[in-house]
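Structure first, commentary second.
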Ligand SMILES: [Ca+2]
């Protein structure tokens, strides 16, 4: 998960990392941790995120060392303070950092596209990369194979099984593309040699991820050799280390959380993440509302729902024929614009709090809508 929207201020980047996934389908301007932003400029994503294609690169050299082989002063200060603050053993963390390698591919992939190169955002193009026959078909297979676990997660967290399957499908093609970068190398590269010195808050954010990665490793919860996306997102649901720390769960009660090899842990962790980010049992993702002809004035582009049913009806919105207002109409809502930038057009939908919970996984209207649409396609093809 990584993300980005125009409203996202860098200060909130760490929150982004919440879930972070790595999967970026081969969409323009998209890579592992960076799916296209729904609005705004270059996306930066750090939560559970989008599938990562991307060649595994050669290691380029020690990331954290001085020419003499000692840890760089900034790295030394980081690890000493981490050990002291969290009561972690210093020596193994120093050894880990001494073993880390700068990865030039990581640095290249995290960088925004070159200035001056305009990338037109298109919902239809984005959608076609995720809501397509292969991802739907594999989603049906995944659903059928893991139906019991998905239903258990749905019961426990209130998040429908197709939504959980869809997230794992969008993130990593159901575990087929989890990234092959050594997470320690990726995080060390981004924490101490972030390619854009003008964005120190990003390096700071990655230092926080590295701190949580090392904490998990020192506590025996994550292997130091764990592989993931170029941004450090891990496993089938592409959780960043901080998200693993706060939201991952041991779905099969094995005593260990393994998001890379254990599907049950991955499924339960997605449910846990969404549940702890505002998902409400029983609410749809979109409200059955017919909007006025031009609802653009109602779009605020934010990641929190701020409209009410009465403000929407006052603006001309109506219940769709035959739909019920039960449940969702007492909830805050937000108008979702799905743009075709080159044409200057957009589709609009009305997002409930569950739509906005999906944006906590990846801060993008495109992402959240693609997850909901892929879930609908999967749901339509599986028996209940
Ligand atoms: Ca487990």
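Summary of computed values
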item: Given (1) crowded, with 24+ Cβ neighbours inside 10 Å; (2) assigned to a loop (DSSP other than H, G, I, E, B); (3) away from the ligand (no atom under 16 Å from the Cβ), number of the condition residue 196 does not satisfy; result: (1)
item: Sole exception among (1) touching a helix residue (DSSP H, G or I) at 6+ places or on another chain (Cβ under 7 Å); (2) closer than 30 Å to residue 348 by Cβ for residue 117, by number; result: (1)
item: Conditions (1) away from the ligand (no atom under 16 Å from the Cβ); (2) farther than 19 Å from residue 149 by Cβ; (3) buried (at least 18 other Cβ atoms within 10 Å of the Cβ): number failed by residue 274; result: (2)
item: Residue satisfying condition, being at pLDDT below 95 and either more than 21 Å from residue 367 (Cβ to Cβ) or surrounded by 13 or more Cβ atoms within 10 Å (Cβ to Cβ) (or both), within set 337, 300; result: 300
item: Any helices (runs of 4 or more DSSP H) falling wholly within region 225-334 and containing at least 3 residues that are touching a strand residue (DSSP E or B) at 6+ places or on another chain (Cβ under 8 Å); result: 241-247, 263-275
item: Scan of region 162-183 for residues that are assigned to a loop (DSSP other than H, G, I, E, B) and surrounded by fewer than 24 Cβ atoms within 10 Å (Cβ to Cβ), ordered by number; result: 173, 174, 175, 176, 177, 180
item: Some residue of region 208-216 being within 16 Å of the ligand (Cβ to nearest atom), within 25 Å of residue 135 (Cα to Cα) and in a helix (DSSP H, G or I); result: no
item: Hits in region 236-249 (condition: out of contact with any helix residue (DSSP H, G or I) (no Cβ under 6 Å at 6 or more places or on another chain) and either within 11 Å of the ligand (Cβ to nearest atom) or on the phi > 0 side of the Ramachandran plot (or both)); result: none
item: Pairs, first closer than 14 Å to residue 222 by Cα and free of Cβ contacts under 8 Å to residues at least 40 places away in the same chain in region 250-276, second more than 11 Å from the ligand (Cβ to nearest atom) and not in a loop (DSSP other than H, G, I, E, B), C-beta under 8 Å, six or more apart; result: 257/244; 259/234; 259/239; 259/244
item: Of all residues making up region 349-368, the number that are part of a helix (DSSP H, G or I) and touching a strand residue (DSSP E or B) at 6+ places or on another chain (Cβ under 6 Å); result: 2
item: Among residues of region 252-266, those that are more than 6 Å from the ligand (Cβ to nearest atom) and either in contact with a helix residue (DSSP H, G or I) (Cβ under 9 Å, 6 or more places away or on another chain) or closer than 16 Å to residue 156 by Cα (or both), counted; result: 6
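The values are calculated or read from the model by the stated rules, or taken from the named source; none is laboratory data. The model shown is predicted, which means the values in this text are computed figures rather than measured ones. Using ideal geometry, Cβ is built from the backbone for each residue, glycine included, and neighbour counts are taken over all protein chains shown.
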